[in-house]
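The values are calculated or read from the model by the stated rules, or taken from the named source; none is laboratory data. These numbers come from a predicted model, not from an experiment. Here the Cβ positions follow ideal geometry from the backbone for every residue, glycine too, while neighbour counts run over all protein chains shown.
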Amino acid sequence: MAFLGACSSSSTDTGSDARTPFIPNTHDDSGSAADDSGDWRSHRVEPGAAGTMAWGPRSEPDLGRPWVDSGAPPMPVFDCSLVPDEPTEINELDAPRGYHDVIFDTKGNLIGSDGNNLRASPDADTSDIWVANVGGVQGMDWLPDGDMVTPGGEGLIRVNPEDGKDTIAGGIYAYGVTVGPDGMVYVGGTGSAVLKLDPESGDWDEFVSLPSGTTSRTIDFSPDYSKMYLGSLSGGVVYAVDLDDSLEPDGDPYVFASGLGSSYHDGLGVDVCGNVYVNDYSTFSLWRITPGGDVTRLKQWTWHGDPGYGHGQTWGPSGSSVWREDAIYIPQPYDGNTVGEVVVGIPGRKYNDGYYEVINVDD
């Protein structure tokens with residue numbers, strides 16, 4: 001499979017009914033690519049034409065993903081120079097719900113909170129209760145065993161439809177959580193420290209600490225796991241820390257980019273080309289940072305007339321005919337816990353199995 005997002009055009013804000021249909025790349029029975037002349041991925045790069053990889057998946061640690069189908073098509077190739085300069089489309093999805101984060105499960109459901117219940121949406125027009133009476137939750141991610149991990153009122157909790165919720169570690173106030181390829185939970189929002197927590201025992205250690213007086217908030221990894229990116233609570237600064245082959249810090253966190261507002265970085269994610277996307281509360285904006293540290297504002301919302309600013313973010317899953325893998329889905333707590341679909345024209349590093357061949361990376 002090989003594909004790339006469409007060229008840039010003026011972004012528009014539309015409702016669910018006006019969404020551009022998403023047609024994922026398909027393959028015939030022989031494994032050859034089907035006719036994709038009507039596909040949004042109009043800039044195709046055939047496997048093998050990219051030369052050397054800008055980075056390669058590591059042998060350590062295990063980078064397995066619980067949502068990956070072992071029969072997935074061949075490694076896709078992305079031309080990072082074709083990422084649009086701004087969102088090509090922004091859609092308001094009225095049925096799905098999201099409070100401070102959303103994620104997708106293995107069945108393709110968008111999971112988010114309505115403020116008390118976790119709800120599942122198989123498409124943009126449907127929302128059903130997935131797990132009732134969970135209470136307010138913050139960031140969400142999947143554990144290797146398929147359970148959800150999220151900070152709740154009791155501390156860090158695990159959730160599944162059969163057992164409901166169970167506390168992993170009490171007494172931890174947190175906001176952002178990211179599960180690493182080692183199965184550990186990396187937790188932000190606990191003062192200046194980022195915690196590394198074992199989801200089985202609940203034991204945790206301080207992984208890294210931001211400068212004194214700075215509060216960590218949101219976390220994600222680079223596609224090759226050579227860096228961890230850290231959104232902060234104030235100062236408009238995104239930090240990074242280099243990681244060794246064992247996923248341990250190789251030095252202290254340093255300033256990766258600045259000028260991204262002055263307040264809460266409520267969402268942080270990374271695309272397949274290594275660009276970092278940040279939701280900043282003080283400017284009500286979605287920002288993009290290139291791997292080289294250049295900052296661009298992709299979208300600014302207004303508080304009263306356009307309350308679509310999002311806490312948290314996740315990309316659509318690969319292979320879905322319902323959700324766009326080139327779009328960021330953002331929960332909108334100031335708009336009735338609805339969900340926004342921001343088409344940025346490039347997939348995220350998650351939900352596509354973590355292995356990519358990319359060309360023309362901005363370094």
*Residue count, region 110-128 (criterion: assigned to a strand (DSSP E or B), over 17 Å from GLY310 (Cβ atoms) and in contact (Cβ under 8 Å) with a residue 40 or more places away in the chain)*: 1
*Among (1) among the aromatic types (Phe, Trp, Tyr); (2) under 24 Å from TRP287 (Cβ atoms); (3) in contact with a Pro (Cβ under 8 Å, 6 or more places away or on another chain), where does PHE207 come up short?*
(2)
*Return yes when THR178 is under 17 Å from PHE221 (Cβ atoms) and polar (S, T, N, Q) and no when it is not.*
yes
*Among the residues of region 307-363, write down those that are at pLDDT 90 or above, among the polar types (S, T, N, Q) and within 14 Å of the chain's Cα centre (by Cα).*
GLN313, THR314
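Conditions tested, residue by residue: (1) out of contact with any Leu (no Cβ under 7 Å at 6 or more places or on another chain); (2) within 27 Å of PRO253 (Cα to Cα).
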{"position": "GLY98", "(1), (2)": "yes, no"}
{"position": "LEU110", "(1), (2)": "yes, no"}
{"position": "ASN116", "(1), (2)": "yes, no"}
{"position": "ASP128", "(1), (2)": "yes, no"}
{"position": "ALA132", "(1), (2)": "yes, no"}
{"position": "TYR175", "(1), (2)": "yes, yes"}
{"position": "MET184", "(1), (2)": "no, yes"}
{"position": "VAL208", "(1), (2)": "yes, yes"}
*Please determine, by comparing only the residues of region 205-262 that are at pLDDT 95 or above and among the aromatic types (Phe, Trp, Tyr), which one is farthest from ARG288 (Cα to Cα).*
PHE207
